[in-house]
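J.: Mind having a look at this structure? Questions to follow.
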Ligand SMILES: C[S@@+](CC[C@H](N)C(=O)[O-])C[C@H]1O[C@@H](n2cnc3c(N)ncnc32)[C@H](O)[C@@H]1O
C-alpha cells in the first residue's frame, strides 16, 4: 500500500497547526471543517455528506437490527450541520446528501444561492428497519446544485438507474455511514471541473471516486480514526491510478 507522501503537523497549513496528508496532488486535512473550509478558497465542486439531523434515539426491537445506530449517536452524526458552510463563492457546484427531514431547509437555503438544482435519490438495497412513516428507509436524497459554467456533465436523468448500490453494510471501514463507491463514482462522473473538496470526508469515499475520475481532491475530517482510514484508502486509490 502506498504511504501518504507527508503526514503530520503542517505549520504552513491555512488553518494553522493541523494534520495534513499529501498524497500525490491530493491533500487531506485533519481539522474542523467550519474553521478550515473558508480558508481553502475556490473549488470546481464541493461534494459533502454532512452529519444528518434526525432522531436516532429509541427504536426498541428495531434498534438492535440497526447495527450502526449507537455509533451514529456517539459520533454526533445525528446532530445536523451548519448550512452556512455551503457558500457558492467557494464552489461552482455542490452535491449534498441529506436526511428527508433536512430537505425543506436545505432547498430553501440553496435556491437563492445556486442557478439550478436537481433533487436526486439513490436506492439502498438493504435499508435499516424503520417504524416511522414519513421516511423512506430504502432511498436517500441528495441535491446537485450548480452555477453557470459548472453545469453537470453527462446524463443526470439516468441517476436512478445507476445509483443502486450493490451492497451497503451497516459498518464498513469502522464508520457507520460510508457511502457505496458505486454511488460516489456515478456522482463524480456527473460533477464538472477538476478540483473537488469534501469538508466532511469521513473515510474518504468522495476522494476515492474523485481520483478514479482523474480529479484533484481535498478532504477535511476531524475524527482521527476516520482521517487515518481516509488517508489509507486515498493512498490506495492514487496508487491504483498510477499503475
Ligand atoms: C456522514 S459522515 C461522512 C461519511 C463519508 N461519506 C464516507 O463515505 O466515509 C460525516 C463525517 O463528517 C465528520 N465531521 C463532522 N463534523 C465535522 C467537522 N466539524 N469538521 C470535520 N469533520 C466533521 C464526521 O466525523 C464524519 O466522519
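Values in this text are rule-based calculations from the coordinates and carry no lab data. Note that this is a predicted model, so its numbers are computed, not measured. As a convention, Cβ positions derive from the backbone with ideal geometry for all residues, glycine included, and neighbour counts pool all protein chains shown.
J.: Between residue 79 and residue 153, with labels modelled 7 Å along Cα→Cβ, what's the label distance in nm to one decimal, could you check?
T.: Placing both labels 7 Å beyond Cα along the Cβ direction yields 3.7 nm.
J.: While we're looking at this one, here's another question. Between residue 100 and residue 34, 0.36 nm times their residue separation minus their Cα-Cα distance comes to what?
T.: 21.4 nm
J.: Also: Taking neighbour Cβ counts within 10 Å as the exposure measure, how do 124, 179 sort from fewest upward?
T.: Listed from fewest to most nearby Cβ atoms, that is 124, 179.
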